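Engineer: Before anything else, here's the structure in question.
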Amino acid sequence: MRMRKKKNLAPRMGRCSAVWVREPLAHRGHWRTLFDRSGALHVELGCGKGRFTAETALEHPDTLFLAIERVPDAMVVAMERVCAMGLTNVRFLSCDAARLPELFAPGEVDRIYINFCDPWPTKRHAKRRLTHHNFLQLYRQVLAEGAQIHFKTDNTPLFAFSLEEFPSCGFALSEVSHNLHENGPQGIMTDYEAKFYELGTPIHRCVATMVDWEAPEDTDETAPELPAEAT
Ligand SMILES: C[S@@+](CC[C@H](N)C(=O)[O-])C[C@H]1O[C@@H](n2cnc3c(N)ncnc32)[C@H](O)[C@@H]1O
């Protein structure tokens, strides 16, 4: 879904300078210095308006959160939310997930969250899915040994696709659920998830843990395909 352009985007972004990282590539390998403290580094890809980011960061004050979102009109809402809550353990980067290895040194990230990413339903666009094996191989470059990807979606075909992609790239699956909230709300919901929950749409979730793995020689090495509007 395309986001409507926000009025006064630039001044609104400017008022969030405490949490907005304008030059994210400069922090590669030193993200913890930016927070001025140690702690696990968790990255959320496509944070949207930031409900999950903000509530998770509030619940885990010792964890450092970096929320990546390529659409500034969505990210500004998330930043305003986090600023209003006075959280000091979250920063935002306006960037594409395909640039992860430029943003993080090998092993720098302890966890990746992918929540309700765009499903890109046609085969032609499969490489744009954030759980496509080309993306998973990028994540491997920045994740610490034994680190996890936490994935949620309402999209059944995307979930089925992802359950095949994760093991094909050396991620062991656990906590696989096809109806996460079957017995009442579980964990912190994203903005999208809260809407789907109200509608009674089942939510799929899994955890993918990185294990030792060698890329097969015939692996498709092409970089993830970026949509035309990606920066
Ligand atoms: C369907 S929305 C879900 C937003 C939020 N995670 C939620 O569950 O409420 C997907 C979000 O991911 C962002 N996104 C999609 N592909 C991305 C990419 N390659 N890099 C960064 N953000 C991306 C979109 O701009 C959009 O805000």
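Nothing in this text is a laboratory measurement; each read-out follows from the coordinates by a stated rule. Values in this document were obtained by computation on a predicted structure and should not be read as measured data. Positions of Cβ are backbone-derived with ideal geometry, glycine not excepted, and every protein chain shown enters the neighbour counts.
Engineer: For Glu102, Glu108, Glu214, which order do you get if you count the other beta carbons within 10 Å of each Cβ and list the fewest first?
Structural biologist: The order, fewest Cβ neighbours first, is Glu214, Glu102, Glu108.
Engineer: So for the chain: antiparallel DSSP bridges make up what percent, rounded to the nearest 5? Please report the intermediate quantities before stating the final value.
Structural biologist: On the way: 11 of 31 bridges.
Approximately 35 percent, going by the DSSP bridge assignments.
Engineer: If I require 27 Å or longer along the helix axis, counting alpha carbons, and a Kyte-Doolittle average no lower than 0.5, what helices from the chain are left? Use full DSSP H segments. Working shown, then result.
Structural biologist: Values: long enough: none.
Membrane-span-like by this rule: not one helix.
Engineer: Go ahead and run the numbers for FRET between Arg4 and Glu214, Cβ-Cβ distance against an R0 of 41 Å, rounding to 0.05.
Structural biologist: Details: r = 46 Å, r/R0 = 1.12.
The pair Arg4/Glu214 has a calculated efficiency of 0.35.
Engineer: Provide the packing ranking of 23-30, 90-97, i.e. peptides ordered by the mean count of other C-beta atoms within 10 Å per residue, highest first.
Structural biologist: Numbers: 23-30: 13.0, 90-97: 22.6.
Result, highest mean Cβ count within 10 Å first: 90-97, 23-30.
Engineer: Quick one: check the C-alpha center-to-center distance for the range 3-42 versus the range 73-114, whole angstrom.
Structural biologist: The two parts, judged by their Cα centres, are 7 Å apart.
Engineer: Determine the calculated [θ] at 222 nm for the chain from helices alone, applying -39500 (n - 2.57) to every DSSP H run no shorter than 4 residues and normalising by the residue count; nearest 500 deg cm²/dmol. Please report the intermediate quantities before stating the final value.
Structural biologist: Numbers: 8 runs with 70 residues, N = 231.
So the helix-based figure for the chain works out to -8500 deg cm²/dmol.
Engineer: Using +1 on the beta carbon of Lys and Arg, -1 on that of Asp and Glu, and nothing else charged, what's the dipole of the range 1-101 about the Cα centre, debye to 20? Before the final figure, lay out the partial values.
Structural biologist: Values: 17 positive and 10 negative charges, 113 e Å.
The calculated dipole for the range 1-101 is roughly 540 debye.
Engineer: What does the charge dipole of the chain about its Cα centre add up to, to the nearest 20 debye, if the Cβ of each Lys and Arg holds +1 and the Cβ of each Asp and Glu holds -1?
Structural biologist: Numbers: 27 positive and 31 negative charges, 262 e Å.
Rounded to the nearest 20 debye, it is 1260 debye.
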